[in-house]
1. Please list 100-106, 163-169, 199-205 highest first by mean number of surrounding beta-carbon atoms within 10 Å per residue.
2. Kindly rank 62-74, 26-38, 79-91 from highest to lowest mean number of other beta carbons found within 10 Å of each residue.
3. Rounded, prolate or oblate: which fits region 121-195 when a ≥ b ≥ c are the square roots of the eigenvalues of the alpha-carbon gyration tensor, with rounded for a/c under 1.5 and prolate only if a/b beats b/c?
4. Pairing the Cα long axis of helix 196-210 with the longest principal axis of the chain, what angle in degrees results, from 0 to 90 and rounded to the nearest 10?
5. Can you give the extra length, in nm with one decimal, that the chain gains between residue 114 and residue 2 once fully stretched, where that is 0.36 nm per residue apart less the Cα-Cα distance?
6. In the calculated pair distance distribution of the chain, what percentage of Cα-Cα distances lie above 21 Å?
7. Compute the angle between helix 133-145 and the longest alpha-carbon principal axis of the chain, please, reported from 0 to 90 degrees and rounded to the nearest 10.
8. Any idea how far the Cα center of region 157-197 sits from the one of region 1-38, in Å?
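Taken together, the values in this text are just the output of simple stated rules run on the coordinates, not laboratory data. If you're wondering where the values come from, they're calculated on a predicted model, not measured in any experiment. Neighbour counts run over all protein chains shown; Cβ positions are idealised from the backbone, glycine included.
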């Protein structure tokens, strides 16, 4: 049940785009057509899920000070150095960014070979996943919420579920927004509101609608 609540919370209640306002650049840039939105959404789901898993491993066994730290096991235990001396949490952000960048490169190379039209349609927004603060945000959120759980398997699974749920929430909002923008283009919008302005207004109204999920999962 906890895993379901984590998924619902991150996908709908605390949606990265509409609640935390993260990942707005690809959200506005790729939400013009539903076909592009689905492709970007699937890429984000993959990157978020994998980033959650890889950053969890890196954070627990390389950055977090303690008996489980691999640097302590290799260099510190035999010399009697305190495990806390191998706490590298201050490197967390930059290490997570490097992990995310590597995963994005893998996705980019796969799409280049497997789906050239989608790769061309996504254009610059695919590499921008590297700097998509929603992907970095879910990795940092996992480190904050679940790293102190004693059960290693539970901590890992909850981080994975939260990463997957964050990607699903991103995709759902991106797809809904693309449908709205496709319909908006058929109407005579005032010149001053065309393009990005009307997109932000639509996103704000969608955020108000998503506030209806706020009571889900509450006790």
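1. The densest-packed peptide leads the list: 163-169, 100-106, 199-205.
2. Sorting 62-74, 26-38, 79-91 by mean packing, highest first, produces 26-38, 62-74, 79-91.
3. Prolate.
4. It works out to around 70 degrees.
5. Going from the current span to full extension adds 36.7 nm.
6. The answer is 58 percent, as a whole percent.
7. That helix lies at roughly 40 degrees to the long axis.
8. 8 Å
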